[in-house]
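Every number here is computed from the coordinates shown, using simple stated rules; none is lab data. Just so we're clear, the structure is a prediction, and the values are computed from it rather than from any experiment. Here the Cβ positions follow ideal geometry from the backbone for every residue, glycine too, while neighbour counts run over all protein chains shown.
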Amino acid sequence: MKTSRRIIHIDMDCFYAAVEMREHPELAGRPIAVGGASGRGVLTTCNYPAREYGVRSAMPVFQAKQLCPQLVILPVRFELYREASRQVRGIFARYTDLIEPLSLDEAYLDVSHLKRPGAEIAAEIRQAIETETGLTASAGIGPNKLIAKIASDWNKPNGQCLVAPSKVDAFMRDLPVRKIWGIGPKSAARLAEHQIEICADLQTKDKTWLAQEFGSFGLELYQLCRGIDERPVQAHRPRKSLSNERTFSHNLESIDDCREMLVLQHRELLEDLRQSAPDRSIAKLLVKLKFSDFRRTTAEMPGHQADIKKYHALLKEAWGRSGEPVRLLGIGVRFADTDSSLEQLELGL
């Protein structure tokens with residue numbers, strides 16, 4: 001792969017839970033989760049001791065308690081997490097202006113212009129984060145965003161992984177297809193039916209076959225399984241919309257599960273609007289779903305306020321188009337003062 005880019009993907013380790021652990025040192029070593037406190041609520045995230053019991057994000061509270069009766073569940077405190085995120089982004093800014101935040105706890109950094117190895121820069125950033133915030137982060141370093149993001153998960157927690165351009169082909173060949181964004185458990189099972197387990201197997205399929213099996217996503221898969229990703233790190237984009245999204249390690253199986261997660265994401269969206277766009281006029285409300293069968297859909301309606309009832313209605317509409325388990329849920333607003341010909345909901349991969 002010929003490229004001059006050096007991209008770092010920084011991913012904070014169990015961010016919300018880690019911030020709470022920092023604020024509650026008396027809970028050191030105990031399984032902790034952040035999310036809805038009621039039995040019908042769902043978890044936003046959990047720490048690593050909790051994960052050892054099988055607890056995971058987007059899991060209903062009652063199920064998490066069954067797996068780990070001693071689990072400590074703390075309420076979501078977005079302002080606290082937002083302040084920690086601001087500190088971390090301040091550290092990023094010491095190294096580059098090319099920063100593309102994906103959420104409060106992860107971002108891409110383009111450090112191609114720096115005359116130092118990317119791995120050295122990533123290690124220095126991670127050390128500064130730990131020293132100044134008391135939190136840990138993992139990093140992936142590669143020639144594009146796809147590789148960097150996959151690599152950041154390789155040595156979690158509190159580690160990093162470098163994939164040099166010359167190593168991309170070998171890295172992708174042996175990579176389980178499950179590691180490619182958008183491929184969930186059911187999709188991986190579909191691929192396994194065709195004896196496709198790793199990217200080398202997927203690379204034997206041509207574009208026609210992939211398009212027949214997976215529609216437009218099949219053409220993306222043709223590129224992704226080869227480690228090809230030409231997307232630049234996009235910093236300082238004009239904000240046409242504001243949104244948040246979550247991709248779940250385990251699918252949301254029912255619309256009720258989606259509703260519970262929607263409530264949490266709605267709270268985060270309201271806080272984002274208050275902090276980032278208090279004076280912007282809202283024109284539309286949007287809900288985006290990605291299903292386990294690769295299909296994606298977006299439902300939208302006019303609206304001047306981020307009303308939770310309208311989001312529930314949009315969720316019902318979007319869910320009704322498939323009814324399959326949900327791999328990704330995103331909600332957002334589109335602002336009124338944007339060029340309608342350029343409007344696009346900024347919900348990333």
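Quick rundown of the values:
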{"item": "Per-residue HN-Hα couplings for region 162-177 [Karplus 6.51, -1.76, 1.60; θ = phi - 60°; Hz; x = Gly/Pro]", "result": "9, 10, 5, x, 5, 9, 4, 4, 5, 4, 6, 4, 8, 6, x, 4"}
{"item": "Per the chain, cysteines lacking a partner by the 4.7 Å Cβ criterion", "result": "Cys14, Cys46, Cys68, Cys161, Cys258"}
{"item": "Listed residues Trp181, Leu224, Thr204: farthest to the positive end of the dipole of region 174-224 (Cβ charges)", "result": "Trp181"}
{"item": "Charged-residue dipole, Cβ positions (Lys, Arg, Asp, Glu), the chain about Cα centre, Debye nearest 20", "result": "320 debye"}
{"item": "Estimated [θ] at 222 nm from DSSP helical runs (n ≥ 4, -39500 (n - 2.57)) normalised by residues in the chain, nearest 500", "result": "-11000 deg cm²/dmol"}
{"item": "Antiparallel bridges, percent of DSSP beta bridges restricted to the chain (to nearest 5)", "result": "90 percent"}
{"item": "Shape call, region 16-78: gyration tensor on alpha carbons, a/c limit 1.5", "result": "oblate"}
{"item": "Cubic angstrom per residue, convex hull over Cα atoms of the chain", "result": "143 Å³"}
{"item": "Among Tyr16, Thr44, Ile73 - extreme Cα towards positive end, dipole of region 16-78, charges at beta-carbon", "result": "Thr44"}
{"item": "Using distinct alpha-carbon pairs, which all enter the 1/r mean, Kirkwood radius of region 241-335 in Å", "result": "13.2 Å"}
{"item": "Nearest-20 debye value, region 174-224 charge dipole, Cβ charges on Lys, Arg, Asp, Glu", "result": "160 debye"}
{"item": "Amide hydrogen neighbours beyond the local backbone of Arg6, cut-off 5 Å, H modeled", "result": "Val111, Ser112"}
{"item": "For region 104-168, radius of gyration divided by Kirkwood radius, i.e. Rg to Rh on alpha-carbons", "result": "0.95"}
{"item": "If the convex hull is drawn through the Cα atoms of region 174-224, its volume per residue in Å³", "result": "66 Å³"}
{"item": "For region 57-159, radius of gyration divided by Kirkwood radius, i.e. Rg to Rh on alpha-carbons", "result": "1.04"}
{"item": "Candidate aspartates and glutamates for bridging to Lys115, where Cα separation is under 17 Å - those fewer than 8 sequence places away on the same chain excluded", "result": "Asp97, Glu124"}
{"item": "Amide H within-cut-off set for His24, under 5 Å, with H built and near neighbours excluded", "result": "none"}
{"item": "Cα lying deepest toward the dipole's positive end in the chain, options Ala277, Leu27, Phe291, charges on Cβ", "result": "Phe291"}
